[in-house]
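K.L.:
Next up is a structure, given as structure tokens.
The values are calculated or read from the model by the stated rules, or taken from the named source; none is laboratory data. Computed from a prediction, not measured in an experiment: that's the story for all the values here. Quick reminder, even Gly has a Cβ in these numbers, built from the backbone with ideal geometry, and neighbours come from all protein chains shown.
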Amino acid sequence: MTADSPLVSLADLRAAAERIAGTCLRTPVVPLVAPDGRVPFAVKAEGLQPTGAFKLRGATNAVALLDDEQRRAGVVTHSSGNHAQAVAYAAHAAGVRATIVIPETAPAIKVAATRRWGAEIVMVAPSERHARAEKIAAETGAELIPPYDDARVIAGQGTVGLEVVEQVPDLGTVVVPVSGGGLVSGIAAAVKALRPDVRVVAVEPELAGDLAEGWAAGERRVWSVEDTSRTVADGLRTDSVGVLNWEHITAYVDDVVTVSEEEILAAVGVVVRGARLVVEPSGAVAAAAVLAGRVGGGAGTTVAIASGANIDPSLLAALVGTQDQTVV
């Protein structure tokens with residue numbers, strides 16, 4: 001990022017990779033094997049991060065960039081779960097106090113996981129999460145670490161893209177789940193800087209399709225929290241992509257597609273069986289798009305980002321036990 005451009009640069013991404021190396025894993029790219037032995041695409045296993053999702057990358061980079069005064073004041077954020085855990089973990093590792101504002105609709109498993117890292121938890125109605133976090137920051141001086149609309153966070157998430165380019169020499173397409181847009185912004189910036197020929201496709205649930213609507217209209221759109229809260233992909237319920245994220249998406253992303261609730265749930269079982277990886281519904285959205293044929297074959301290997309693995313065990317067991325083994 002420079003004075004002339006708000007977009008993160010390759011230098012920003014590489015610097016972030018160095019900062020997070022001691023905390024975040026370099027996750028593997030795993031082939032998804034179909035029942036007939038084909039490998040139609042591969043999966044980037046971000047659920048293997050210590051907090052179970054890619055969010056640790058952005059949070060770790062943001063915490064690492066705090067100055068001494070900010071470290072003393074602590075950090076605050078708002079999240080439905082995965083970013084909450086990430087900030088709590090990164091702050092704990094750095095010896096920084098953290099306050100996390102969580103919507104009351106967040107899965108209990110994610111709330112409990114956030115508490116274990118010593119963060120102070122503030123539960124609010126979903127529509128109040130942004131305002132409450134900002135109020136806490138104003139009252140306490142804590143540094144606000146947004147879930148996605150932040151250059152520090154985007155650069156951290158973009159390290160996923162740096163890794164994919166290195167790991168897959170014949171990379172053809174990267175498919176990325178979208179909520180606020182931090183992950184796809186960073187990945188797209190990294191991929192287009194290193195391999196401009198590679199396609200980057202963003203994927204949303206149909207029930208939280210604000211980006212898809214905005215993409216078609218040529219302008220950023222905002223949905224109601226009531227609408228986006230309908231999707232089973234609880235990590236993708238944000239009402240819109242961020243302002244800075246929209247700029248990255250329109251600059252670097254090639255296409256935006258959506259998937260149904262049924263396709264998301266089916267994809268969880270397919271990924272677990274075919275790639276031997278645990279994945280939550282939010283993390284299965286990219287794979288769902290490939291499985292549903294929404295992402296063109298094209299040349300080279302297609303990699304779907306499995307962004308998280310924080311799923312209720314009973315739901316996981318139910319989805320893995322289904323018999324639908326359809327793979328494109």
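K.L.:
Based on what the data block shows, is residue 167 over 19 Å from residue 23 (Cα atoms) and in the same structural domain as residue 286 (by TED's automatic domain parsing)? I'd like the intermediate steps shown before the answer.
P.N.:
On the way: over 19 Å from residue 23 (Cα atoms): yes; in the same structural domain as residue 286 (by TED's automatic domain parsing): yes.
Considered against the rule, which asks whether it is over 19 Å from residue 23 (Cα atoms) and in the same structural domain as residue 286 (by TED's automatic domain parsing), residue 167 comes out as yes.
K.L.:
Could you run through segment 59-82 and say how many residues are closer than 15 Å to residue 132 by Cβ and touching a helix residue (DSSP H, G or I) at 6+ places or on another chain (Cβ under 7 Å)? Before the answer, list the steps.
P.N.:
So in segment 59-82, the residues closer than 15 Å to residue 132 by Cβ come out as 75-80.
So of that shortlist, the ones also touching a helix residue (DSSP H, G or I) at 6+ places or on another chain (Cβ under 7 Å) come out as 75-78, 80.
So the answer is 5.
K.L.:
Only one of (1) in contact with a Cys (Cβ under 8 Å, 6 or more places away or on another chain); (2) free of Cβ contacts under 8 Å to residues at least 12 places away in the same chain fails for residue 159. Which number is that?
P.N.:
(2)
K.L.:
Looking only at segment 57-85, which residues are at pLDDT 95 or above, in a helix (DSSP H, G or I) and among the aliphatic types (A, V, I, L, M)? Lay out the reasoning, then the answer.
P.N.:
Initial filter on segment 57-85 (at pLDDT 95 or above): 57-77.
Filter once more, keeping what is in a helix (DSSP H, G or I): 57-64, 68-73.
Selection gives 59, 62, 63, 64, 73.
K.L.:
Return yes or no: is residue 137 touching a residue at least 60 places away in the same chain (Cβ under 8 Å) and not in a strand (DSSP E or B)? Give the derivation first.
P.N.:
Details: touching a residue at least 60 places away in the same chain (Cβ under 8 Å): yes; not in a strand (DSSP E or B): yes.
When the stated conditions are applied, residue 137 passes them.
K.L.:
Could you tell me whether any residue of segment 293-303 is buried (at least 16 other Cβ atoms within 10 Å of the Cβ) and at positive phi? Steps first, answer last, please.
P.N.:
First, pick out the residues of segment 293-303 that are buried (at least 16 other Cβ atoms within 10 Å of the Cβ): 294-295, 300-303.
Now drop any that are not at positive phi, which leaves 300.
Yes, the conditions are met somewhere in segment 293-303.
K.L.:
Of the conditions (1) buried (at least 19 other Cβ atoms within 10 Å of the Cβ); (2) under 30 Å from residue 298 (Cα atoms); (3) in contact with a strand residue (DSSP E or B) (Cβ under 9 Å, 6 or more places away or on another chain), residue 28 satisfies every one except a single condition; which number is it?
P.N.:
(1)
K.L.:
Helices (runs of 4 or more DSSP H) wholly in segment 248-323 with at least 2 residues that are assigned by TED's automatic domain parsing to the domain that holds residue 32 and under 19 Å from the mean Cα position of the chain (by Cα) - which ones?
P.N.:
Numbers: elements: 261-275, 285-291, 313-320.
The qualifying helices (runs of 4 or more DSSP H) are 261-275, 285-291.
K.L.:
To continue, here is another question. What is the number of the single condition among (1) at pLDDT below 95; (2) closer than 16 Å to residue 41 by Cβ; (3) surrounded by fewer than 17 Cβ atoms within 10 Å (Cβ to Cβ); (4) not acidic (Asp, Glu) that residue 327 does not meet?
P.N.:
Condition (3) is where residue 327 drops out.
K.L.:
Taking the options 51, 27, 60, 77, name whichever one is among the hydroxyl-bearing types (Ser, Thr, Tyr) and in contact with an Asp or Glu (Cβ under 9 Å, 6 or more places away or on another chain).
P.N.:
On the way: 51 fails: in contact with an Asp or Glu (Cβ under 9 Å, 6 or more places away or on another chain); 60 fails: in contact with an Asp or Glu (Cβ under 9 Å, 6 or more places away or on another chain); 77 fails: in contact with an Asp or Glu (Cβ under 9 Å, 6 or more places away or on another chain).
Only one candidate passes the filter, namely 27.
K.L.:
Here's a follow-up. Would you check which residues across segment 268-283 are without any contact (Cβ under 8 Å) to a residue 60 or more places away in the chain and of a type in the set (A, V, I, L, M, F, W, C) and list them?
P.N.:
Applying the first criterion (without any contact (Cβ under 8 Å) to a residue 60 or more places away in the chain) to segment 268-283 yields 268-269, 272-273, 281.
Within segment 268-283, 268, 272 qualify.
K.L.:
Assess whether residue 115 counts as being under 25 Å from residue 49 (Cα atoms), within 17 Å of the chain's Cα centre (by Cα) and of a type in the set (D, E, K, R). Explain how you work it out, then say what you get.
P.N.:
Details: under 25 Å from residue 49 (Cα atoms): yes; within 17 Å of the chain's Cα centre (by Cα): no; of a type in the set (D, E, K, R): yes.
The answer is no for residue 115.
K.L.:
Residue 16 versus (1) touching a Gly at 6+ places or on another chain (Cβ under 8 Å); (2) assigned to a loop (DSSP other than H, G, I, E, B); (3) not hydroxyl-bearing (Ser, Thr, Tyr): which is the lone unmet condition?
P.N.:
(2)
K.L.:
Let me ask something additional. Identify, from the list 242, 269, the residue that is of a type outside the set (A, V, I, L, M, F, W, C), more than 20 Å from residue 183 (Cα to Cα) and surrounded by 17 or more Cβ atoms within 10 Å (Cβ to Cβ). Talk me through it step by step, then tell me what you get.
P.N.:
On the way: 242 fails: more than 20 Å from residue 183 (Cα to Cα).
None of the others qualify; the one that does is 269.
K.L.:
Ok, one more. For segment 195-229, which positions are in a loop (DSSP other than H, G, I, E, B) and closer than 21 Å to residue 84 by Cβ?
P.N.:
Here is the first cut: in segment 195-229, the ones in a loop (DSSP other than H, G, I, E, B) are 195-198, 209, 218-224, 229.
229, the sole residue that qualifies.
K.L.:
In this structure, is residue 5 touching a strand residue (DSSP E or B) at 6+ places or on another chain (Cβ under 7 Å), part of a loop (DSSP other than H, G, I, E, B) and either polar (S, T, N, Q) or over 18 Å from residue 153 (Cβ atoms) (or both)?
P.N.:
Numbers: touching a strand residue (DSSP E or B) at 6+ places or on another chain (Cβ under 7 Å): no; part of a loop (DSSP other than H, G, I, E, B): yes; either polar (S, T, N, Q) or over 18 Å from residue 153 (Cβ atoms) (or both): yes.
Spelling it out, it is not the case that residue 5 is touching a strand residue (DSSP E or B) at 6+ places or on another chain (Cβ under 7 Å), part of a loop (DSSP other than H, G, I, E, B) and either polar (S, T, N, Q) or over 18 Å from residue 153 (Cβ atoms) (or both).
Let's see how each residue does on (1) aliphatic (A, V, I, L, M); (2) surrounded by fewer than 20 Cβ atoms within 10 Å (Cβ to Cβ):
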residue: 196; (1), (2): no, yes
residue: 209; (1), (2): no, no
residue: 238; (1), (2): no, no
residue: 246; (1), (2): no, no
residue: 254; (1), (2): no, yes
residue: 259; (1), (2): yes, no
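K.L.:
Among the residues of segment 100-128, which ones are among the hydroxyl-bearing types (Ser, Thr, Tyr) and surrounded by fewer than 23 Cβ atoms within 10 Å (Cβ to Cβ)? Spell out how you get there, then give the answer.
P.N.:
Filtering segment 100-128 down to residues among the hydroxyl-bearing types (Ser, Thr, Tyr) leaves 105, 114, 127.
Scanning segment 100-128 gives 105, 127.
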